[in-house]
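First up is the structure itself, then whatever we jot down about it.
The values are calculated or read from the model by the stated rules, or taken from the named source; none is laboratory data. Bear in mind the structure is a predicted one, so any value in this text is a computation, not a measurement. With ideal geometry, Cβ positions are generated from the backbone for all residues, glycine too; neighbour counts draw on all protein chains shown.
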Amino acid sequence: MTKTWQVQEAKARFSELLETTLAEGPQVVTRRGVETAVIVPFEQWRRMQRPNHANVKEWLLAPEARTEQLTPPPLAWELRPPPRFD
């Protein structure tokens with residue numbers, strides 16, 4: 001079960017936070033009541049960093065969407081006031 005730690009508590013009891021992370025898994029750190037970070041065991045983090053596909057061919061043939069990497073950022077449109085017909 002994931003435990004939530006306030007940032008002050010995480011700072012004061014950092015060793016306990018690390019031990020709990022290793023024993024129980026990811027731990028959430030909050031700042032002013034807002035979930036801000038997650039502490040995970042290093043091996044779990046390393047697994048999350050590995051690519052899901054062995055090579056480019058496998059990546060291209062994979063069924064999941066890849067558009068987030070191909071879509072350019074949205075343009076910032078400026079709205080003009082409507083024309084006046086006096």
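Before moving on, here are some points about what is shown:
- Among residues of segment 18-34, those that are surrounded by 12 or more Cβ atoms within 10 Å (Cβ to Cβ) and in a loop (DSSP other than H, G, I, E, B), counted: 2
- The residue that is modelled with the highest pLDDT, among those in segment 60-72 that are in a loop (DSSP other than H, G, I, E, B) and under 19 Å from the mean Cα position of the chain (by Cα), is 64.
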